[in-house]
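J.: There's a structure below that I have some questions on.
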Amino acid sequence: MTQQISEQLLRMSDLANTPSVPERIVINKSGKKITIAAKPAQGGIVGFSSKHIYHLIDIGHFPKPIKIGRASLWRRSDIESWIEKQFEKITNE
């Protein structure tokens, strides 16, 4: 009998901000022009860059990820409770 996972897991791309990427035109080997579409900037759940999130993990101020293979995943409930604690710190100051 297998246990069903009901906890939602998040990837770094869900947590961290990603910068915008401008449209690019490249020429492939056969000389054909290819347009690579632009990507708008996206805000992550916590609003930090991935580098800053890993820094916070290193100093013990952010939940550690669950490693599944090479993937780093976070429980949504861990992130939500971390955000609530940050709001409590701000409102108690």
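The values are calculated or read from the model by the stated rules, or taken from the named source; none is laboratory data. These numbers come from a predicted model, not from an experiment. We place every Cβ from the backbone using ideal geometry, glycine too, and count neighbours over all the protein chains shown. Surface accessibility is based on the protein's heavy atoms, side chains included, excluding ligands, DNA and RNA. Shrake-Rupley method; radii C 1.70, N 1.55, O 1.52, S 1.80 Å.
J.: Which whole-Hz ³J(HN,Hα) couplings does the stretch 70-84 yield from phi under the Karplus relation 6.51 cos²θ - 1.76 cosθ + 1.60, θ = phi - 60°, glycine and proline marked x?
T.: Whole-Hz 3J(HN,Hα) from phi for the stretch 70-84: 8, 7, 9, 10, 10, 6, 4, 5, 5, 5, 5, 5, 5, 4, 4.
J.: OK, next. Which one, I68, T18, A38, projects farthest toward the positive side of the charge dipole computed for the chain from Cβ point charges (K/R +1, D/E -1)?
T.: Among I68, T18, A38, the one farthest towards the positive end of the dipole of the chain is A38.
J.: Another question, if that's okay. As a test of the formula, what do you get for the chain when each DSSP H run with n ≥ 4 contributes -39,500 (n - 2.57) and the sum is divided by the residue count, at 222 nm and rounded to the nearest 500 deg cm²/dmol?
T.: -9500 deg cm²/dmol
J.: Defining a contact as two alpha carbons under 8 Å apart and six or more residues distant in sequence, what relative contact order in percent does the chain show? List each step's numbers first, then the result.
T.: On the way: 108 pairs, mean separation 27.9, N = 93.
Result for the chain is 30 percent.
J.: Would you mind telling me the share, in percent, of accessible area of the stretch 21-93 contributed by carbon and sulfur at probe 1.4 angstrom? Walk me through the numbers on the way to the answer.
T.: Numbers: 3250 of 5900 Å².
Carbon with sulfur: 55 percent of the solvent-accessible area.
J.: Might you tell me the accessible area per residue for the stretch 29-93, computed with a 1.4 Å probe and given in Å²? Could you put the intermediate results ahead of the total?
T.: Values: 5170 Å² over 65 residues.
Value returned for the stretch 29-93: 79 Å² of accessible area per residue.
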